[in-house]
Amino acid sequence: MKLKRTDWPRLQSLMLIAPFLLAMAVIFVMDTITDYAIAAAVFYTTVILVATRLLSARAVVVLACSCVLLTLVSFAFTRSGVYEVGLVNTAISIVAIGVTTYLALRLVAAEATAYETRERLLRIARVTSLGELTASIAHEINQPLTAIVTSAGACTRWLAQQPPSLDNARRAIDRIVQEANRSSEVIARIRGFTSGKEPQRSAFDLNDAIGEIVSLARSQIDHHEIALTLDLQPSLPEVLADKVQIEQVVGNLLLNAIEAMTTSTNKVRQLRIVSSTTDNGAVRCSIADSGVGFHQGEVDHLFDAFWTTKADGIGLGLTISRSIIEANGGRIWAEANQPSGAVLLFELPSVKRDTE
Amino acid sequence: MSDDSYDAGRDQPVVYIVDDERAVRESLEDLLASVSLRTRSFASVQDFLNFELVDAPSCLVLDVRMPGQSGMEFLGNLAQLGLRLPTIVITGHGDIAMGVRAMKYGAIEFLTKPFRDQDLLDAINQGIGADRVRRAKDAAVSELKERWQTLSAGEQDVMKRVVRGLLNKQIAADLDVSEITVKVRRSHLMRKMGAKTLADLIRFYDQIHG
């Protein structure tokens, strides 16, 4: 038996609207049966405040207009109380509804802008810091490299002299060795500083890792109206790997899939994450999207460093994913999805297979 | 491996190296020593400026990225400082824009590290050659200026008019002296200036006042 969960964002929002309509109906009845002096219609503002948190701006405007209409209808149907007081109260209610709607929508729009800006900043920060990192690595490596190449030139010339100047040649070679060691130290430093660390392996349930990453990416998935299917095999054997690293890989593949679908003209946005065991006892995870996919021939380059199809990509995501998966004793590959899109799959050794 | 004996001959070229990387400096000194070139190297622009340059054909190998004043900034100021050293710019992270800027500032070559040693040596030889030509030209001009100073005021007056193409008769009228006097002064100044023909004289005059 397999667990299945399907998301339909549109249906969800329809179901969301129901409680608001109910609340409005209650307020409408209260407003109509009570005295003119009781401005029950002001409570419509509560409905609107809650609605701005959950519904789209258009839906909120429609709700607000309905509230105004209902207030007017109540005013017409109310039988008890002083007419003038009722008129003033109705006017106050309508103004309150209007002002609340306007301010609440402004607030939501401002929040959305702030969110977008933060996202973009994060992206830029990632790209520029990588650019700076490569520039400084290039500089650090180029210095000893220059000394090596130049010393080698000097050495050749000392040896070509008649008679050869062996002492000078030896000194040049010593310098070459010294500078070559220095550049390997630079590389070791960079590796230690980035992700070149040995994986910290432990046994964990891959389904948990997938679940954690999916919940992190939930807002993005919903935001882009992507239908997500989780097809996770229950009681999956535990895998032996570095959980944080594997989560990085799943996150990277997931973001790639989302990006591939949002940049695609294809209206169908289906994301399917499957976990299963293979015949040879490994645990497999596949992430299939209905996005742009890749062309014939591109599949060979997918994992190459600095190879990308994205306009602002740097082409390291899959390269890093592969080195992580391989460092954890697994393998990763890509296949074409039907009718469109890509499937990225990886396998990791399971604990079960190791103990059997 | 710098050569300390500056009296080794005024025509022994000197290559100045300004690079903050000790290893790069040392390997460059060694490379140049292996082709018998004298070097003087400095870790910063300031150190280089504090040094009194040797009177010999020279050229400068200048790194771009250095603490303190950058090599590029310094290159832009070279002419203002009265330094006319042919300069080779070397950099660890060069792009086209930087190369264009270096050439605009008058660098004779722009090399990105690591460069081929032969490329650097070719550029250095070219630079030293150019500096040698410039020094010879400068020496010739100062020699001519000295000769000009040995002319009497009257001879200078005549020479200024001769090079403008005036005839002896016109010069005599202009200076209010006899034509004979003009002829005598003219033969004196030709001898003093070391000019055999009128064409020589005009060329010398242009060089002095160029």
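The values are calculated or read from the model by the stated rules, or taken from the named source; none is laboratory data. Note that the structure is a prediction, hence the values are computed from the model and not measured. Cβ atoms come from the backbone with ideal geometry, glycine included; neighbour counts cover every protein chain shown.
At pLDDT 80 or above, not hydrophobic (A, V, I, L, M, F, W, C) and not in a strand (DSSP E or B): does that describe residue A:198?
On the way: at pLDDT 80 or above: no; not hydrophobic (A, V, I, L, M, F, W, C): yes; not in a strand (DSSP E or B): yes.
No.
Taking the range A:135-152 on its own, how many of its residues are within 7 Å of chain B (Cβ to nearest Cβ) and either more than 11 Å from residue B:115 (Cα to Cα) or crowded, with 23+ Cβ neighbours inside 10 Å (or both)?
First, pick out the residues of the range A:135-152 that are within 7 Å of chain B (Cβ to nearest Cβ): A:135, A:138-139, A:142-147, A:149-151.
Filter once more, so that each one left must be either more than 11 Å from residue B:115 (Cα to Cα) or crowded, with 23+ Cβ neighbours inside 10 Å (or both): A:135, A:138-139, A:143-144, A:146-147, A:150-151.
Qualifying residue count, the range A:135-152: 9.
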One residue from A:177, A:186 being part of a helix (DSSP H, G or I) and free of Cβ contacts under 8 Å to residues at least 12 places away in the same chain | A:177
Hey, among A:313, A:293, A:329, which residue is at pLDDT below 85, small (Gly, Ala, Ser) and closer than 22 Å to residue A:246 by Cα?
-> A:313
Test residue B:158 against the stated conditions and say whether it is of a type outside the set (D, E, K, R), closer than 30 Å to residue B:84 by Cα, free of Cβ contacts under 8 Å to residues at least 40 places away in the same chain and in a helix (DSSP H, G or I).
-> no
Look at residue B:191 and say whether it is exposed (fewer than 14 other Cβ atoms within 10 Å of the Cβ) and in the same structural domain as residue B:87 (by TED's automatic domain parsing).
-> no
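Suppose the filter is surrounded by 20 or more Cβ atoms within 10 Å (Cβ to Cβ), more than 14 Å from chain A (Cβ to nearest Cβ) and out of contact with any Cys (no Cβ under 9 Å at 6 or more places or on another chain); does residue B:57 pass it? Before the answer, list the steps.
Details: surrounded by 20 or more Cβ atoms within 10 Å (Cβ to Cβ): yes; more than 14 Å from chain A (Cβ to nearest Cβ): yes; out of contact with any Cys (no Cβ under 9 Å at 6 or more places or on another chain): yes.
In short, yes.
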Among the residues of the range B:55-105, which ones are in a helix (DSSP H, G or I), more than 22 Å from residue B:122 (Cβ to Cβ) and small (Gly, Ala, Ser)?
-> B:76, B:97
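Is at least one residue of the range B:149-166 under 15 Å from the mean Cα position of the chain (by Cα) and among the charged types (D, E, K, R)? Reasoning before the result, please.
So the first thing to find is which residues in the range B:149-166 are under 15 Å from the mean Cα position of the chain (by Cα), and the list is none.
For the range B:149-166, residues under 15 Å from the mean Cα position of the chain (by Cα) and among the charged types (D, E, K, R): absent.
If you go through the range A:153-168, how many residues are under 17 Å from residue B:36 (Cβ atoms), of a type outside the set (S, T, N, Q) and more than 9 Å from chain B (Cβ to nearest Cβ)?
Of all residues in the range A:153-168, those under 17 Å from residue B:36 (Cβ atoms) come to A:153-165, A:167-168.
Imposing the further condition that a residue be of a type outside the set (S, T, N, Q) reduces the set to A:153-155, A:157-160, A:163-164, A:167.
Of the ones still in play, those that are also more than 9 Å from chain B (Cβ to nearest Cβ) are A:159, A:163-164, A:167.
So the answer is 4.
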Identify the residue in the range B:12-25 that is surrounded by fewer than 24 Cβ atoms within 10 Å (Cβ to Cβ), touching a residue at least 24 places away in the same chain (Cβ under 8 Å) and over 25 Å from the mean Cα position of the chain (by Cα) and, among all such residues, is nearest to the other protein chains (Cβ to nearest Cβ).
-> B:21
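Restrict the check to the range B:110-124 and report whether at least one residue is away from chain A (no Cβ under 14 Å) and of a type in the set (Val, Ile, Thr). Steps first, answer last, please.
Let us first name the residues in the range B:110-124 that are away from chain A (no Cβ under 14 Å), namely B:110.
Applying the additional criterion that residues be of a type in the set (Val, Ile, Thr) yields none.
So far as the range B:110-124 goes, no, none of its residues is away from chain A (no Cβ under 14 Å) and of a type in the set (Val, Ile, Thr).
Would you check which residues across the range A:170-182 are at the interface with chain B (Cβ under 9 Å from one of its Cβ atoms) and over 21 Å from residue B:119 (Cβ atoms) and list them? Give the steps one after another, and end with the answer.
Start the filter on the range A:170-182 by keeping residues that are at the interface with chain B (Cβ under 9 Å from one of its Cβ atoms), which leaves A:171-172, A:175-176, A:178-179, A:182.
If the condition is that a residue be at the interface with chain B (Cβ under 9 Å from one of its Cβ atoms) and over 21 Å from residue B:119 (Cβ atoms), then A:171, A:178, A:182 are the ones that fit.
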